[in-house]
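Please treat every number below as a calculation from the coordinates, not as lab data. The shown structure was predicted, so the numbers you read here are calculated from the model rather than taken from an experiment. Using ideal geometry, Cβ is built from the backbone for each residue, glycine included, and neighbour counts are taken over all protein chains shown.
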Amino acid sequence: MKLLVTFSRGKGRKPVIAQVVKDTGVLINVERANIDSSEGEALIDVPDDQCRLVRDSMTSLGADVRILDHGVTFNESECVDCGACISVCPREVFSFDPDWKLRLDEEKCILCGKCIDACPHRALTLPL
């Protein structure tokens, strides 16, 4: 399951992800991160059965954690199957099926938003 973790140095100086791995023993896959000297945001992937444990541990260290039920979604009635999203996606989330209809694999999505900007029909959205 994917978690979106945000944190700031004002809430503490501990290395949140490393501390949670140490405390819980749960291996965390960092799929995307944007961190500077004062704050950060990371999209992490953890085993479904350990999701709540990781969330609670991170929250106790001062991080804000949001469980993401899905990645990018698309409105099939707006999509014209142009493939613009395919060319910009760094994780090969999008593909064509044998009938040239756009398909997506949400599990691969790292919520980078590149596909959102590329879609000429605004058929793609990120979770709120």
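Given the DSSP H assignment, sum -39500 (n - 2.57) over each helix run of at least 4 residues in the chain and divide by its residue total; what's the result at 222 nm in deg cm²/dmol, nearest 500?
Estimated from H runs of four or more residues: -6000 deg cm²/dmol.
Pairing the Cα long axis of helix 51-60 with the longest principal axis of the chain, what angle in degrees results, from 0 to 90 and rounded to the nearest 10?
50
Report the Cα-based extents of segment 1-102 along its three principal axes, largest first, to the nearest Å.
50, 31, 20
Which of 16, 88 comes first, and how do the rest follow, when ranked by fewest Cβ neighbours within 10 Å?
So the ranking, lowest neighbour count to highest, is 88, 16.
Could you name the lysines in cross-link range of residue 22, using Cα to Cα under 28 Å and dropping any fewer than eight places away on the same chain?
Answer for residue 22, where 28 Å is the Cα cut-off: 2, 11, 14, 108, listed by chain and number.
Around residue 125, with a cut-off of 13 angstrom between Cβ atoms, what is the net charge of the other residues, counting Lys and Arg +1 and Asp and Glu -1?
-3
Given all pairs of different Cα atoms, what value in angstroms does the Kirkwood hydrodynamic radius of segment 73-125 take?
So the Kirkwood estimate lands at 10.9 Å.
Using Cα-Cα distances under 8 Å and only pairs 6 or more residues apart, what relative contact order does segment 29-79 have, in percent?
Normalised by residue count, the contact order of segment 29-79 is 20 percent.
Ignoring the sites themselves, what is the longest stretch of the chain with no trypsin sites (Lys or Arg not before Pro) in a DSSP loop and at most 14 other beta-carbon atoms within 10 Å?
14-100
Within the chain, which cysteines find no other Cys whose Cβ is under 4.7 angstrom from their own?
51, 79, 82, 89, 109, 112, 119
Once you keep just the Cα pairs under 8 angstrom separated by 6 or more residues, what percentage relative contact order results for the chain?
Computed value for the chain: 26 percent relative contact order.
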